[in-house]
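Just so you know, all these numbers are worked out from the coordinates, no wet-lab data involved. The structure displayed is predicted, hence computed values, not measured ones. Here the Cβ is made from the backbone with ideal geometry for all residues, glycine too, and neighbour counts use every protein chain on show.
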Amino acid sequence: MEPSKTSRPTGYSYPPHTVRPSGNTLAGETWTWWEGAVAFGIFILAQLLAGAAMGVLIHQGLLPKAWMPQQNTPIHGGAMYVLLAASSLLTLALLVLLITRRGPHGWAMAGFTKAGLTRQALGGVPAAILGGMLIQVAAIPIEIAWPPPHTFETQFSQVMTLGPLPFLGFALLLGVLIPLVEEITFRGVLFPALQRPLGGLWAAGAVSLLFTLLHYDQWESYPFYFILIFSMAMVLAWLRYRSGGLWQPWAFHAGINLTALGAAVAASG
């Protein structure tokens, strides 16, 4: 699962099964391991900085009263909305700097190629969205038989009370921006950066494990979610490997998140 070191002419058509983790059809260039480490560090740093900023806002009482978390409770509702938006936007801005540092091929290396915008390549996007929805729905019988201690309904219930426009913004945040940021970080940069030293399967496993560990708040009291998130992450890595781009992983991830949000809305009545 090594990227080709042979130059390819512009417009070269790769067979569907060919691994091209860099997404760059010009020189077989890919991310280095340290660039993968930087992308991962950016992701962590943005979470910490956004969390610190949120702490200041809460301490100073600068959030609207309806958006403030109750004392000694997790950050949900409007406060969670602001925290997720701030960390996602900061992460995206820093990732853009990392990608553009590589010059004109940076976006292709991250999985956003012009070839990926062809009708044939985009044809897999609806199937990826549907796949993400189905894998989320498939978990429902297990959740019914073995109820989790917390649900998306309880996490998002305060957001639903903020009004239609904030809720629409939250849906876009959860279904578009967060999947984009996480896919660029983990499957756009880190996965191809680890493919050369580790090989495809080990790189996919390592990236999926890191991705799952960073979702600790979702599985720490419900082990089934660890299995579910890790499985989803492996599928996302496979889609990156199989398609050579990031459009399908992004679509699959969006399908997962929007289905979870839709289920929360339905459960809330």
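Scoring 95-108, 240-253, 181-194 by mean Cβ neighbours within 10 Å over their residues and listing the highest first yields 181-194, 240-253, 95-108. The 3J(HN,Hα) values that the Karplus relation (6.51, -1.76, 1.60; θ = phi - 60°) gives for segment 84-92 are, in residue order, 5, 5, 5, 5, 5, 5, 5, 4, 4 Hz. Gly and Pro appear as x. Approximating the spin labels as points 7 Å out from Cα along Cα→Cβ, the Ile142-to-Leu45 distance works out to 3.6 nm.
Here the gap between Leu97 and Ala53, fully extended at 0.36 nm per residue and compared with their Cα-Cα distance, gives a gain of 13.7 nm. Each semi-axis of the equivalent ellipsoid for segment 127-269 is √(5λ) with λ an eigenvalue of the Cα gyration tensor; in descending order they amount to 27, 17, 13 Å. On full extension, the segment bounded by Leu130 and Lys114 gains 3.4 nm, given 0.36 nm per residue less the C-alpha separation.
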